[in-house]
Structures are given as structure tokens and as C-alpha cells.
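For reference, the structure is listed below as C-alpha cells.
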Amino acid sequence: MKNSIVKYILMSVFVASAIMLTGTDSNAQIKLGYVDSDVILKQLPEAKSIETEMEGLQKQYLDTVQSKEDELKAKAETFRTKYEDAQNKVKSGQITSESEIKSLEDEMGGLQEELQMLSEALEGYKSKVQNTLLIKQSELFKPVKEKITRTIEEVAKSMKINFVFDKADGSLLFGDKEFDITFKVLDKLK
């Protein structure tokens, strides 16, 4: 949300600067337009197909995550049961020798270490899955986004629109190169 606000403010400053630069020409008019990329993506068959594919991939990964979580829960329950049993044996006096107590501590320590490793492996797997899904989504949507961007540019040029913003996130999707003041700003900064 904060990023969208910052983008919106920067775009507003950019447009205001462009208006001031052309303000000396009384015939110059800046035309702005916007699109809602969410609406566009929901209507495109290619995007729907990609969403379906992504849902399938997510389900596969979620099934694996669920399986790993179940395994971790079962091991944790086994550890809890063995730990309580060991405590009861020590309290009741069934285990009294130092070697037996040491053996129990070693066993509990090993089980605890195994649980910790499984938990860390699960968290690592979840993180890897999330990154993999984001990369896959980006790869699949890249041609669709390029097609949308080209079409936005074509429509903007045909309608003589200077700037097109995305209503969904406030980003600039098309800007007339005539109003690009990047190098003027750089020159002034130097």
C-alpha cells in the first residue's frame, strides 16, 4: 500500500512537471488515461489459463507441505509421549541409575534435534515453494503483460494520450517520450 502511494505521488509530480514544461505553449494539452489491469487480466483467456495452471501447481505444493506438516506433527507427538513416559519413569523411581538417565536424556535430545531439523526443513521448503511459484507466475505472465503493454501503447498513441496509469497500483504504463524529463533532472543535479 505504501509503495502504491509513493508511486502515485511520484507520478503526480512527474505529470505536474510535464505540464509546467509545456505550460508556455498555450496550445499544448496533456491527455491522461488509465486502465484497470485487474479487470484486463480477469477478462483475458490467456490469463485465466495461467491462473488455472498456477492453482494446479499450488495444490501440488500444498499437498506436499501438508504431508510434511503431518509427518512433523506425528514426530512431535511421539516425542511428547516419550518425554512424558521418561519423566514418569524417573519420578516413579523405575529409572534411577545415572547411565539410564543419561541414555534417556540423549534419546530425548536426539528426538528434539530431529524435530528441530524437520521444522527447519519444512520452513525452508515453504520458502522455496513460495519463491518457485512467484518465479513461475512471473514467467507465465510475462508474455501476457508484454501483450497488454503493447496494446496500451497502441491505444494511447491512437487516442493521442500522453500518459496511461494503472488504476490497480498507480504505476505508469505508458508515457510519451516528449515529456520525459529524466535527463534534464540529471543535468540539473550535476
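The set of residues in region 108-132 being over 30 Å from Val35 (Cα atoms) and within 14 Å of the chain's Cα centre (by Cα) consists of Lys126, Ser127, Lys128, Val129.
Scanning region 133-160 for residues that are under 27 Å from the mean Cα position of the chain (by Cα), among the hydroxyl-bearing types (Ser, Thr, Tyr) and exposed (fewer than 13 other Cβ atoms within 10 Å of the Cβ) turns up Ser138, Thr151.
Residues in region 96-129 that are assigned to a helix (DSSP H, G or I), touching a helix residue (DSSP H, G or I) at 6+ places or on another chain (Cβ under 9 Å) and polar (S, T, N, Q): Gln112, Ser119. Checked against the criterion of being free of Cβ contacts under 8 Å to residues at least 40 places away in the same chain, surrounded by 10 or more Cβ atoms within 10 Å (Cβ to Cβ), not in a strand (DSSP E or B) and not aliphatic (A, V, I, L, M), region 162-175 contains not a single residue that satisfies it.
Checking each residue of region 83-91 against the condition of being of a type in the set (Asp, Glu), over 31 Å from the mean Cα position of the chain (by Cα), surrounded by 14 or more Cβ atoms within 10 Å (Cβ to Cβ) and over 30 Å from Tyr34 (Cα atoms) gives no match. Among the residues of region 29-61, those identified as surrounded by 13 or more Cβ atoms within 10 Å (Cβ to Cβ) and in a helix (DSSP H, G or I) are Ser37, Ile40, Leu41, Glu46, Ala47, Ile50, Glu51, Glu53, Met54, Leu57, Gln58, Tyr61. Listed conditions (1) under 31 Å from the mean Cα position of the chain (by Cα); (2) surrounded by 15 or more Cβ atoms within 10 Å (Cβ to Cβ); (3) modelled with pLDDT under 90 are all met by Asp180, apart from (2). Beta carbons closer than 8 Å, at least 6 apart along the sequence or on distinct chains, pair a first residue in region 62-82 that is free of Cβ contacts under 8 Å to residues at least 40 places away in the same chain and in a helix (DSSP H, G or I) with a second that is surrounded by 13 or more Cβ atoms within 10 Å (Cβ to Cβ) and charged (D, E, K, R) for Lys82/Glu107.
The values are calculated or read from the model by the stated rules, or taken from the named source; none is laboratory data. Keep in mind it's a predicted model, so treat the numbers as computed, not measured. Here the Cβ is made from the backbone with ideal geometry for all residues, glycine too, and neighbour counts use every protein chain on show.
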